[in-house]
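Okay, structure first, notes after.
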Amino acid sequence: MYDEQQRPERPEHSPPDHGPLAGFTVGVTAARRADELGTLLQRRGAAVIHAPALRIVQLADDSELLAATKQLISQAPDVVIATTAIGFRGWVEAADGWGLGADLLSCLDGVELLARGPKVKGSVRAAGLTEDWSPSSESMAEVLDRLLEEGVEGRRIAIQLHGEPLPGFVESLRAAGAEVVGVPVYRWMPPEDIGPVDRLLDATVSRGLDALTFTSAPAAASLLSRAEERGQLAELLAALHHDVLPACVGPVTALPLQARGVDTVSPERFRLGPLVQLLCQELPGRARALPIAGHRVEIRGHAVLVDGALRPVPPAGMSLLRALSRQPGWVVARAELLRALPGAGRDEHAVETAMARLRTALGVPKLIQTVVKRGYRLALDPAADAKYSDA
């Protein structure tokens, strides 16, 4: 879906024109706002692989939402909680399409209306309504604390759901004596075309990605479920544990991954922009940087920075470079390098061919030395060579 933009060659000694994510490949599992996230990543230099792990049921076709709307109109609740701006706005628009818009707004105008955060408040007011209260933290935990403090026994509370799990929220209200009615706005379903998801899984387990992003808990759960169906769950979890960074827009989104023991990273503000900025910090920090033959070489996912200049490297070359960098300064035998090449077979000539292309891609052939009859080594600078030898 996304391709890296072609960049003109940069004059020598001019400042780098690549972004902080240049040389990294990032997977996007989002169904909604995927274009926005992909564009933000690309602008910072990343290559992006997109595979929506879910699809959203169109509101006009959602019989469950229609039934919930009619139920609330006929029997108004005491409290309505609006959780997302797009969800609330979509609910009102769908009701209009069913000829129930005026009735729904009349119903909502007569109840205690709580809005989680400023964006939701904006949607509420755009509909001609006024919220009774909104938490300063944008946290559902604060909403829950307020309701429990007020007392909910015998009260009927409707909550606009948006595909995200609300761990403990509904259970706590019911335990305190409330009747809770869920309004299932934007239900999630498996994608109609599962092919892109399978290709994303293959890229993840083969370490073809540097990071995998999630913007909803259902998407994370769906990807895990699909991996289990394909017999790839253990491989996927291993990749996310060690080599592929799982980045979630917020802690709720991370819950399905954390339940599998996967540690994730999330920005302090649960938005796409901060998520991308977090990747701009995390991924370069994970890249291997070495002083080689008087140059600074930083090894990224599908490219190398040589003194700050971006050098795209073919997959075979990256495999060789990673094998050499695991033992910097040490000779790595051709047979070992052959094993590192994907699908190379038994002919060590494949190593020589891939090595020649790697040197060309790096633009500085002397970075890699040939050791006659033994193999190849990175030409680590003397001080660094001693350091790595001592290690």
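The values are calculated or read from the model by the stated rules, or taken from the named source; none is laboratory data. Every value quoted in this text rests on a predicted model; they were computed, and no experiment measured them. Heads up, the Cβs are rebuilt from the backbone with ideal geometry, glycines too, and the neighbour counts pull from every protein chain shown. Areas reflect the complete protein model, heavy atoms only, side chains present, ligands, DNA and RNA absent. Shrake-Rupley method; radii C 1.70, N 1.55, O 1.52, S 1.80 Å.
Just to be sure I understand, how many residues within the range 346-391 are part of a helix (DSSP H, G or I) and at pLDDT 80 or above?
The first filter runs over the range 346-391 and keeps only residues part of a helix (DSSP H, G or I), leaving 349-362, 365-367, 382-390.
This time we only want the ones that are at pLDDT 80 or above, so: 349-362, 365-367.
Residues meeting the conditions: 17.
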- prompt: Looking at (1) at pLDDT 95 or above; (2) crowded, with 18+ Cβ neighbours inside 10 Å, can you tell me which one PHE169 breaks?
  reply: (1)
field: Candidate set from the range 302-322 (those that are over 25 Å from the mean Cα position of the chain (by Cα) and in a loop (DSSP other than H, G, I, E, B)); member that is modelled with the lowest pLDDT
entry: GLY308
task: Would you be able to tell me the number of residues in the range 175-219 that are within 30 Å of ALA95 (Cβ to Cβ) and in a helix (DSSP H, G or I)?
output: 3
Restricting the range 217-226 to residues that are touching an Asp or Glu at 6+ places or on another chain (Cβ under 9 Å) and open to solvent by 10 Å² or more (accessible area, probe 1.4 Å), the residue that is farthest from ILE299 (Cα to Cα): PRO218
query: Quick one: would you say ARG146 is open to solvent by less than 20 Å² (accessible area, probe 1.4 Å), over 30 Å from ARG226 (Cβ atoms), basic (Lys, Arg) and out of contact with any Ser or Thr (no Cβ under 7 Å at 6 or more places or on another chain)?
result: no
task: Give just the number: which of (1) out of contact with any strand residue (DSSP E or B) (no Cβ under 9 Å at 6 or more places or on another chain); (2) open to solvent by 50 Å² or more (accessible area, probe 1.4 Å); (3) more than 30 Å from GLY317 (Cα to Cα) does THR130 not satisfy?
output: (1)
field: helices (runs of 4 or more DSSP H) contained entirely in the range 76-144, each with at least 3 residues that are touching a residue at least 12 places away in the same chain (Cβ under 8 Å) and over 32 Å from the mean Cα position of the chain (by Cα)
entry: 101-109
message: Can you say whether ASP103 is charged (D, E, K, R) and open to solvent by 50 Å² or more (accessible area, probe 1.4 Å), as far as the supplied structure shows?
response: yes
task: Would you be able to tell me the number of residues in the range 30-71 that are buried (at least 21 other Cβ atoms within 10 Å of the Cβ), over 18 Å from THR213 (Cβ atoms) and at pLDDT 90 or above?
output: 1
- prompt: Residues in the range 199-214: is at least one over 28 Å from VAL304 (Cα atoms) and either open to solvent by 20 Å² or more (accessible area, probe 1.4 Å) or hydroxyl-bearing (Ser, Thr, Tyr) (or both)?
  reply: no
message: Exactly one condition in (1) part of a helix (DSSP H, G or I); (2) over 30 Å from VAL304 (Cα atoms); (3) not charged (D, E, K, R) is false for CYS280; which is it?
response: (2)
task: Scan LEU290, LEU310, LEU321, LEU283 and give me the residue that is farther than 30 Å from SER136 by Cα and in contact with a His (Cβ under 6 Å, 6 or more places away or on another chain).
output: LEU310
- line: Among the residues of the range 250-277, the number that are open to solvent by 20 Å² or more (accessible area, probe 1.4 Å) and either closer than 18 Å to LEU223 by Cβ or outside any loop (DSSP other than H, G, I, E, B) (or both) is 15
